[in-house]
1. Test of understanding: ordering B:GLU126, A:GLU104 by Cβ neighbours within 10 Å, fewest first, what list do you get?
2. Just need the relative contact order of the range A:51-236 here, percent rounded to a whole number, with Cα pairs under 8 Å and 6+ apart.
3. Grab the alpha carbons of the range B:8-357, take their convex hull, and tell me the volume per residue in Å³.
4. Relative to the longest principal Cα axis of chain A, at what angle does helix A:241-250 sit, 0 to 90 degrees, rounded to 10?
5. Listing A:ASP401, B:ASP136, A:ASP3 from the residue with the fewest other Cβ atoms within 10 Å to the one with the most, what is the order?
6. For n ≥ 4 DSSP H runs only, could you compute -39500 (n - 2.57) per run for chain A, divide by its residues and tell me the 222 nm figure to the nearest 500?
7. What is chain A's relative contact order, in percent, from Cα pairs under 8 angstrom and six or more apart in sequence?
8. Where nothing but the Cβ of Lys and Arg (+1) and of Asp and Glu (-1) is charged, how large is the charge dipole of chain B around its Cα centre, in debye to the nearest 20?
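Just so you know, all these numbers are worked out from the coordinates, no wet-lab data involved. Quick caveat: nothing in here was measured; it's all calculated off a predicted structure. Every residue, glycine among them, receives a Cβ derived from its backbone with ideal geometry; neighbour counts consider all protein chains shown.
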Amino acid sequence: MNDKRLPTERLAVVSYVIVGVIALLLLGFWRLQINDSDRYAQMAERNRVRSIPIIAPRGSMLDREGRVLVDNYPSFSVLLLRDAPDQVEKLLPQIADGLGMTLEEVKQQIDAMRSMPKFQPVVIKPEASPSDIAFIESHRSDIPILEMLMVHRRRYPHGDMLANAIGYVGEVSAEQVEASDSSLKPGDIVGKAGLERQYNSTLKGTDGLRRVIVNSVGKEVGRLEQQDALPGKPIQLTIDYDLQAIAEADFANKEGALVAMDARTGEVLAMVSRPTFDPKDFAIRISPAEWAHLNTDPETPLLNRAIQAQLAPGSVFKIVMATAMLESKAIPADYTVTCAGHANFYGRTFHCDHAHGEVDLHKGIVASCDIFFYNVGKLLGIDRISEYATGLGLGRRTGIDLQGEEPGLVPSEAWVQRVYHHKWYPGSTISVAIGQGAVMVTPIQLARMVAAVANGGTLIPPHLLKSDTGLKSDSFPISDDTVRQVTDGMWGVVNEPDGTTSGLIKLQNVDFSGKTGTAQVESFDLQNKLGKKLKENGWFVGLAPRRDPEIVVAALVQAGGWGSTSAAPIVRDVVKAYYDKKNGIKIQEFTTAKEGHAKMVPTSVAAPALAETQPSR
Amino acid sequence: MEKGTSIRDYDWWLLATAFAICGVGVLEIWSATHASHLAGMHTHQLEWIGLGFVLMLILSRIDYHTIMDQAPILYLIAIVALIAVLFIGNSRFGAKRWLPILGGLLQVSELVKLIIIIVLARFFSEVRTEELGLADLIKAAALVGFPVVLIMKQPDLGTALVLLPLVAVGAYLAGLQWKHALPILALAAVMVPVGYHFLKPYQRERVTTFLRPEDDPKGAGYQILQSKIAVGSGGFWGKGLGNGSQNQLGFVPVRYSDFILAALAEELGFAGVFVALVLYMFLLLRLVQNAQRAHDRAGMFLIMGVTAVLAFHVLVNVAMVIGFMPVTGIPLPLMSYGGSATLFVFLALGLVMNVRLRRFVN
């Protein structure tokens, strides 16, 4: 074969292959650079820019006079930057060591943020100690993936005061994030209960972003413009710090609840629930053990008893009975009963604390005679009682601006038919007539009910936000004559010699009235759970002045025994403090909740004296 | 000057294209490194280009027939160098590829590529049959197979692979018959899974990463992903020289060398890539044209050997940058930073000029 003969055809084929391959490669570039350009541009931007959140401070909570109830303190969280995963993997043991955590703990923290995009930084230690900060600062160069994040944590200058109403904050749950339309992201702090939750959108600010340019090993090489954080707005509450402090002090070592309201507007002046929790435990990140303890504690410290305890009202219910008796006109106003200390209804014997002799409505209220109200109940029947109890706001939510308010229960024939599928036993009416049996109320319902009876039937709207004026009141009109008779009875409870409070809680120059209640605790389940026999729950609902009242206070002391000795003095203290403030008498500075209430009582308290006006019978 | 050769006989179009590619490369090397501790790399590259040009001129003066006469000795030198590098070679990036020569480090496999081009050209030019016989095919394969095994030992899979198309193109032009080609292709297809077992773990990882990049987007697939991000984010016009964030902030791996086209694609966009690839296409077609005009089969085989190696480099490197092929560590000829690689291309072009200068010689 000739040495000069070249394979021309095959050389031509090689040329075509070259052109074809180059065209194919250009097509590949076209696909990336033209078709998918936007997607890759986004990914490049994500590589280049590291966003570090600037946490917006949460709004504070102030009392009605602008005194701080909750605010914030600055703190640092340790942030792990995850732009370079191989670096994270490599440095994690060293980081765990430096922060005094185990490797597992660090991994758990990262795991908890699974739902976040992979490139987002995660908080691996919420509260950095000075030594953590020193560790991060001294390892800036060899551990560039740690950053300090300035955060604001909740500060509770008054400890557990008002804790149940305030509620607490915590890390947002996965469900909340999903439901939030991307306004929340994992790791955000939100209100989880109480006012923190109710007014979360006002309190929570908008986080900002610090955007920096980083290179491929995560080193900061430049800055982009910063998006400032918008702080949350403060909210002003209707709570009066002075009254709250006095009520809290009175409840030291007690179990129960108190609600004090402006009886004209529904502004809640004080709200206590005991036992309670320390909201500080939630401010950083509550430990699973602590959380489990709070939830399983049989004394239910997370329950806001002022709106969530559903209990028998005992004799406070006699205010409803008296109103029903007078308003329905089913029984003459001058109806009397002879109390021998016991009586027989439907074949069963019912008792009274003493033999009161001849009892009319006034004496029935003042001395809290059960026999009188058994008879009234029998004559009225359950449905008429139910009508007035419901009309006066019992057995239904008051609509206060707090989550989780319980409705309580007012029994009726229809209710027993619906739930138990049998007819109402008339004998049950006798128990209901003195606030026992199936009837259950919350402290806030009782406060509102008593205020409504005293003001002619206006059911005020309880609320905690000061700016919530113009809320609509419910109306259940009551005649002036009824108002006069019932409130005079309540005046007698406090001020007359044979009143159930034995004149012990009288206030000078204050038209202070009220009604005691001592309710048997019927839940044997609860008694067994606690392993102790429960004493009766003591109730007192007080108001002043007796007609068109300015203030109404309901107090419940669980297992406190007689309402007259357990709950009544607390209500007296709060009402007295209200009037002392109003009259410009200085209330002693609240020190700590641990000190007894004796210290809290202003020096102006005089020995109980007879009031200047006698009630008309 | 030899009889019948003049300065006008150099292929100036080819040279102009080569220098245009070098220019783009130097520009992008500068852009990729000027703001880092690697600043000044582009001047080194200019030095290599200058040195390469001089070596090219020198090599073009020695008649290629004289060079091809020395093929057996050159082959021996190549084998000795490959064995030497395994024992006394300098390790970098986990592979022994460099021999200290003349005060610098020479990447031995670049030299071997050049020698194998010459050896194979001589082998095929001496096949005097119209069609390539099976015996000759096996001889050619053995001739290349031995150095391939040694290069794989370094290990340098990329360079070892470059030698395969050299045999393929040579055999094709020497009259490869379909009855031989098809069984070989079939055998190769069977051998792929077997060969996979002989790969080093990092090589296997590259292959699996290539096949399923989503399995490990931040580990082994990181390089390909970052390269694609750089290319894709460049868009049509690019972000401008020195403005590519993927490039400037170091997200593109070895952005001045193997992935230089990714850096270019980011900063100069599809427009820049188009110009670069058309330059390569022109360069390769011009090489084929020179082969067609060669004085004899020996010259044709020499030029086509150079063409096959360069074309394979371009294909594998560019395909890697856009994620079409796994990461193999093959640089882009004349554009990637690197002394040995640049010198190799200029020496290879020297062989081409050599043949061209003697196309009218009888």
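1. A:GLU104, B:GLU126
2. Taking the mean separation of contacting Cα pairs over the length of the range A:51-236, I get 34 percent.
3. It is 139 Å³ per residue.
4. So the helix axis and the longest Cα principal axis differ by about 70 degrees.
5. A:ASP3, A:ASP401, B:ASP136
6. Per the formula, -10000 deg cm²/dmol.
7. Answer for chain A is 13 percent.
8. Dipole magnitude for chain B comes out near 220 debye.
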